[in-house]
Amino acid sequence: MKLFKNCLFAGLTALALLSVANVTTAQETDQVGRAPYLESLKGKKVIFIPISQGMDLNQSWVVVWQRHAARYGFSLDVRDPNGDTNAGIRAMQGAIAEKPDLIIVQNPDVQTYARLLKQAQAAGIKVLQVNMQSATQTDSYVGNDWIEMGRLEMGELAKHCTGPNAVSHKVVWLAGVQTGAANIYMRTGIDEVLKANPELQLVSDQPADYMSEKARQITETVLQQHPDLCGIMGIWDNAEVGAGAAVAAAGKQDQVTIVTNGAGSATGCESIKNGLLDVIFNFNSPIQAEIAAQQISELLQHPDRQAGSEKTIFFGPITRVDKTNATGRNCWKLDELK
Amino acid sequence: MAGSGKSDGARMGIKMSQELVVVAISVILFVVFSATLNNFLTQGNIIAILKNVSILGTLAVGMGFIVVGRGIDLTMVAVMVVGVAFSIWISTWGIDFTLAVVCGALLAAAIGLFTGIMVAVAEIPPIFATLAIASSVYGSGRIVFASDVLYAPSNIAWLKFVGSGTILGIPMSVVIFGAVAALMGFFLRKTRFGRLVYATGDNPNAARTTGLPTRPIIVTQYVLSALIAFTAGIIMLGLVTGIDTRLYNSSLIYDVLLVVVLGGIGLSGGQGGVRNVIVGTILVGILTNGMTILNFSYTSQNLIKSVILLGALAIDAIINPRDEQTSQSGDI
């Protein structure tokens, strides 16, 4: 009996010791580098200056970044100039004066903020540019490879409009804001495809300024000049619905292929389903935002690294969306991202 | 009133001159474009020109109406985009879209009423009152709607008809523009209220002194102008299936003013009419169509339009010189 008691006691003691040991191990085993990571992000200040928060891509970016900020305890202020370049300049100047740890900026064009971005970095503030680049390269750029986007879109039209059954070789480029980085770089990609397909005729090259009504008017006029038009390419699905409406009103939906790009929101998919657009090269802004979120973390983790001392670029994925795959994650809704 | 009748009669002749200048420029441009541009002189292109100016023209009819009464309404584009966006927004709560459009029209009318009261009763100069109200209206809309672009629900039959329907081969958008212009023309020329608008615009102080109800006239003008702006928004919704509230930031309101001044409605008020608006609209339509065919850049198009506006203002200053009466009663 005594032996049994001793054995039981010894067993229980061993178990207790093991448990203590386990607890001790659990307390000591933190994920490697997690604590300094949390520490480096906590309490940091990030300011985002968009072109306009009314755009689908901006809304999805901010939803993702706010979640990231809430989880890791840094602040994210959005200073929305609402499409007004002067207000954007003031917002940039204000942000530089506040000396945050990071400024995220979406440039309206390549020049407007170029000098301010240099000033920000000279003041020791790191700068992350999203989707639209400035002539000044900063710590990081996360966004589209716009030259590739130009190649993809005009390449799509080249496929449709140089084949044996093509109604003509005539194509249109509905630009956005001509001084914007997206336009400038897309044009390089477009020219490469045009050079490789000399039979393609670019019959109109006009900026619709991201406005659907302007896109509609241009398309309506061009269709009168070129009733055998084969394809139209644009730069934002919300603007190109205007081109789609003009093509539909002319009863030429089967003849004219409309290709554009977009953030991947559900309205773009609806436009494909309604037959207003044929192909959207979707840069999936929530995924873009996740990439940028990691880049925010990266930049905040290295406060000692001098602003502008290292320059990185991340191009997000691009998915070709047409009637066959205009569903699921290719068509996000803002409420679902929240 | 006999004196004012004489002055009105004298101005009729002058107005014709300005109109004729614009008509002459339009004809010259039309002939040159017809001769030099392929497919310019086709039925399809002429209809495209009219369709493309239907929104601008409708807005200009409203603006012309205000300018005749010596006012200016810079809220028109804001009312247009916010009124229509409001309709779409409330339709997402499950309200029938047609009812939502009625609610949008009521909102537009309410904004017009407020603007009218600010101008007529609070006596804030129209240019400042409407500038501030436009900004407030757009700003409020921007906070409420979150997104810049709002899409109408699909499968609304009447809206599709507005966008792509035709009557006797004429697109509905052009028919609506024509109807708004005809109604306004009738209202201004054939009703007593219309004549009172001219009298108020010609000399507000004299009109008030002689006992005309200038304040109610001004308030009614702004309500009607807001409703016309809303109508233009519905045309746009039909044409492109959505409304882009960022239009507020574009040069549209200045294009509307361009049409009005170009057509020959002097900013000193009390003269001109719907015919001037139509003449101005057609010239801008031909010009824009030609520039689009010629592949002019957006910046060049704006530059050319601005130069023409400046020219029109200069012609206005020469044809309608400031006299002692106008300088005393003041401009907008």
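The values are calculated or read from the model by the stated rules, or taken from the named source; none is laboratory data. Model, not experiment: these values are computed from the prediction. When we count neighbours, we look across all protein chains shown, and the Cβ atoms used for this are built from the backbone with ideal geometry, even at glycine. In case anyone asks, the SASA skips ligands and DNA or RNA and just uses the protein heavy atoms, side chains included. Shrake-Rupley method; radii C 1.70, N 1.55, O 1.52, S 1.80 Å.
Before moving on, here are some points about what is shown:
- A dipole drawn for the protein assembly as shown from +1 and -1 charges on Cβ atoms has a positive end, and of A:Ala122, A:Thr29, B:Ile55 the residue lying farthest that way is B:Ile55.
- When chain B is treated as a Gaussian network with alpha carbon springs shorter than 10 Å, the biggest mean-square fluctuation among B:Gly69, B:Gly169, B:Gly116 belongs to B:Gly169.
- From the C-alpha gyration tensor of the stretch A:56-149, square roots of 5λ in Å: 19, 18, 14
- Zone residues, the stretch B:219-240, relative to B:Ala179, backbone N less than 19 Å from point 7 Å out along Cα-to-Cβ: B:224-240
- Accessible area buried, both sides summed, chains A and B with 1.4 Å probe, Å²: 2900 Å²
- 11 Å beta-carbon shell around A:His302, net charge (K/R +1, D/E -1): -3
- C-alpha long axis of helix A:56-72 to longest principal axis of chain A, angle in °: 10 degrees
- Projecting the Cα positions of B:Leu257, A:Phe314, B:Trp93 onto the charge dipole of the protein assembly as shown (unit charges on Cβ atoms of Lys, Arg, Asp and Glu, taken about the Cα centre) puts B:Trp93 furthest along the positive direction.
- Summing charges over all other residues whose Cβ lies under 15 Å from the Cβ of B:Leu150, with Lys and Arg as +1 and Asp and Glu as -1, gives -3.
- In order through the stretch A:258-273: 3J(HN,Hα) via Karplus (6.51 cos²θ - 1.76 cosθ + 1.60), integer Hz, x for Gly, Pro: 10, 10, 8, 10, x, 6, x, 7, 4, 5, x, 4, 4, 5, 5, 5
- For the stretch B:70-85, 3J(HN,Hα) computed residue by residue from phi via the Karplus equation (6.51, -1.76, 1.60; θ = phi - 60°) reads 6, x, 8, 10, 7, 8, 3, 5, 4, 5, 4, 6, 6, x, 6, 4 Hz, glycine and proline entered as x.
- Under-5 Å amide H pairs with A:Ile258, H placed in peptide plane, nonlocal only: A:Ile232, A:Asp278, A:Val279
- With each label modelled as a point 7 angstrom along the Cα→C-beta vector, the A:Ser297-B:Ile319 pair spans 6.8 nm.
- The phi-based Karplus calculation (6.51 cos²θ - 1.76 cosθ + 1.60; θ = phi - 60°) puts the 3J(HN,Hα) values of the stretch A:239-245 at 7, 6, 4, x, 5, x, 5 Hz, whole numbers, x for Gly and Pro.
- Global form of the stretch A:146-282, assessed from the alpha-carbon gyration tensor, a/c cut-off 1.5: rounded
- With Cα atoms, 0 to 90° folded angle of helix A:212-225 axis to chain A main axis: 30 degrees
- About its Cα centre, the dipole of the protein assembly as shown is roughly 1000 debye, where the only charges are +1 on Lys and Arg Cβ and -1 on Asp and Glu Cβ.
- Here the stretch B:118-210 is treated with +1 on each Lys and Arg Cβ and -1 on each Asp and Glu Cβ, and its dipole about the Cα centre works out to around 340 debye.
- A:Gln129 long-range amide H proximity, modeled H, under 5 Å: A:Val105, A:Ser140, A:Tyr141, A:Val142
- Beta bridge orientation in the protein assembly as shown: antiparallel %, DSSP, nearest 5: 20 percent
- Anisotropy class of the stretch B:41-248 from Cα gyration tensor, a/c 1.5 cut: oblate
- A cut-off under 11 angstrom between Cβ atoms defines the neighbours of A:Leu277, and their net charge, with Lys, Arg +1 and Asp, Glu -1, is -3.
- Residues with amide H under 5 Å from that of A:Phe48, placed H, sequence gap 5 or more: A:Asp77, A:Val78, A:Arg79, A:Ile104
- Placing unit charges on the Cβ atoms of the charged side chains and taking the dipole of the protein assembly as shown about its Cα centre, the candidate lying farthest along the positive direction among B:Ile124, B:Asn302, A:Val177 is B:Ile124.
- Nearest 10 degrees, 0 to 90: helix A:181-196 Cα axis against chain A principal axis: 60 degrees
- Simple point charges give the picture: +1 on the Cβ of Lys and Arg, -1 on the Cβ of Asp and Glu, and for the stretch B:41-248 a dipole about the Cα centre of about 480 debye.
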